[in-house]
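The values are calculated or read from the model by the stated rules, or taken from the named source; none is laboratory data. Fair warning: this is a prediction, and the values are worked out from it, not measured in the lab. Because the Cβ atoms are built from the backbone with ideal geometry, glycine has one as well, and the counts that use them run over all protein chains shown.
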Amino acid sequence: MRKDKEDHQEFKKACTFCFCDSLKAAQPLLWAESWDFSGYRARLRTDMDHAPCTSHATETFQFQALQVVSALLVIFFNTLMKTSTQLIAKFERHATLTLQEASIAVGVFLSQFVNTGLVALFVYGNLGQTAENIFKGFVFGGPYNDFSVDWYRVVGAQLAFTVATNVVMPAVPLVCTF
């Protein structure tokens, strides 16, 4: 009996998630009225006076916050690597300024390429059981085994945000000085 009750609760949660996900895609304003948040009481209520999409909204916002935080961490490390590459290039004492700038450009490109692109592929990619046996799920143990719509929705959006921020970041000090 207890197993049936647990299965029913799991089924109910899955149905609610599907309903809320579909509602968010089709009617985002109605979805926004179907969850409680920090003193805000949803207008759309169930028979038992619950907001049906509260847990869905919480999971959605947590997921989006994690995406933004991980993109900000990538940007932070890209900036840190750029600064350290510049210091290392000065320490190398190149014969000309051109050689020093070329060394900085190559170093920054390689570090940002690895940090922004390859790390995302290593973490989110899934190469199946072989990778699971070799890397123990840390590398190539992610949820995506191909470049699917979901991959672009999650990883692609994160990469686009990171690249766009890296494009804007060099101009920030210039704008702040005016």
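If the condition is being surrounded by 13 or more Cβ atoms within 10 Å (Cβ to Cβ) and either part of a helix (DSSP H, G or I) or not hydroxyl-bearing (Ser, Thr, Tyr) (or both), then region 135-144 contributes Phe135, Val139, Phe140, Gly141, Gly142.
A quick yes/no check of all residues on (1) among the polar types (S, T, N, Q); (2) in a helix (DSSP H, G or I); (3) modelled with pLDDT under 80; (4) assigned by TED's automatic domain parsing to the domain that holds Val139:
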position	(1), (2), (3), (4)
Met48	no, no, yes, no
Ala57	no, yes, no, no
Gln67	yes, yes, yes, yes
Thr98	yes, yes, no, yes
Ile104	no, yes, no, yes
Ala120	no, yes, no, yes
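Scan region 122-130 and tell me whether some residue there is assigned to a loop (DSSP other than H, G, I, E, B) and either of a type in the set (Gly, Ala, Ser) or surrounded by 12 or more Cβ atoms within 10 Å (Cβ to Cβ) (or both). Looking for residues that are assigned to a loop (DSSP other than H, G, I, E, B) and either of a type in the set (Gly, Ala, Ser) or surrounded by 12 or more Cβ atoms within 10 Å (Cβ to Cβ) (or both), one finds at least one in region 122-130, hence yes.
For region 4-25, the count of residues that are at pLDDT 75 or above, more than 24 Å from Arg153 (Cα to Cα) and either touching a helix residue (DSSP H, G or I) at 6+ places or on another chain (Cβ under 8 Å) or of a type in the set (Phe, Trp, Tyr) (or both) is zero.
Filtering Ile75, Ile88 for residues that are out of contact with any strand residue (DSSP E or B) (no Cβ under 7 Å at 6 or more places or on another chain), surrounded by 12 or more Cβ atoms within 10 Å (Cβ to Cβ), in a helix (DSSP H, G or I) and at pLDDT 85 or above leaves a single hit, Ile88. On the given criteria, is Val108 within 22 Å of Val74 (Cβ to Cβ) and out of contact with any helix residue (DSSP H, G or I) (no Cβ under 7 Å at 6 or more places or on another chain)? Criteria not met by Val108.
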